[in-house]
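Input: a single structure, listed below in structure tokens.
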Amino acid sequence: MKTSNTFLAFSSFLSNILALPTTTSYPTSQPPSWRITNYTEGCSPGGCIYSFNIASPFTPSSLNEPGTNVAGKMQTCNNPSISANELPGPGKFTLVVQHEWTTREGVTYFVKGNQTVEIGGYPKGFLVLESEVSAIA
């Protein structure tokens, strides 16, 4: 019986060790991000239109990406692999950015992030951290 209890305790210990989450490390000191530059916005009572430049080491750079905050969904940018949406808020807005691509093996990846920014002071620049990654095979 003592052997069974020892075995049970050891197997319980191993299952706890193997169940520990693993961490993902990034090749740089911070997670990948998109650099948003020349962000401008113009608003009327009907909504706002915006445009920006986007660049990242992992995403093709794209210039003058237009959009509107009344679409209510992600909008394809001039570069079709990038989409964005602006979510309005009191005194602030949140820019949501997504990069989508498909590998030769047919796996489609989606990388998404968002950043909340104060309204005004245009043109402005800021970083959007890549915070979600998903794939469809």
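The values are calculated or read from the model by the stated rules, or taken from the named source; none is laboratory data. As the structure is a computational prediction, the values presented were derived from the model and not from experiment. Glycine also receives a Cβ, built like all others from the backbone with ideal geometry; neighbour counts cover every protein chain displayed.
For the stretch 29-47, the count of residues that are farther than 19 Å from GLY125 by Cβ, surrounded by fewer than 15 Cβ atoms within 10 Å (Cβ to Cβ) and modelled with pLDDT under 75 is at least one. Pairs linking a residue in the stretch 95-115 that is basic (Lys, Arg) to a residue that is surrounded by 13 or more Cβ atoms within 10 Å (Cβ to Cβ), with Cβ atoms under 6 Å and 6 or more positions apart or on different chains, are LYS112/GLN98.
Residues in the stretch 65-78 that are touching a residue at least 24 places away in the same chain (Cβ under 8 Å) and either polar (S, T, N, Q) or within 14 Å of TRP101 (Cβ to Cβ) (or both): ASN69 alone. If a residue has to be under 18 Å from the mean Cα position of the chain (by Cα) and outside any strand (DSSP E or B) to count, how many in the stretch 46-68 make the cut? Residues flagged as under 18 Å from the mean Cα position of the chain (by Cα) and outside any strand (DSSP E or B) within the stretch 46-68 amount to 2.
Under the condition of being under 19 Å from TRP34 (Cβ atoms), surrounded by fewer than 16 Cβ atoms within 10 Å (Cβ to Cβ) and among the aliphatic types (A, V, I, L, M), the residues counted in the stretch 97-109 number 0.
Condition check ((1) modelled with pLDDT of 95 or more; (2) exposed (fewer than 12 other Cβ atoms within 10 Å of the Cβ); (3) part of a loop (DSSP other than H, G, I, E, B); (4) in contact with a Cys (Cβ under 9 Å, 6 or more places away or on another chain)) across all residues:
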| position | (1), (2), (3), (4) |
| --- | --- |
| VAL70 | no, yes, yes, yes |
| SER83 | no, no, no, yes |
| PHE93 | no, no, no, yes |
| VAL111 | no, no, no, no |
| GLN115 | yes, no, no, no |
| GLY120 | no, yes, yes, no |
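Inside the stretch 48-65, residues that are in contact with a Phe, Trp or Tyr (Cβ under 7 Å, 6 or more places away or on another chain) and polar (S, T, N, Q) make up a count of 2.
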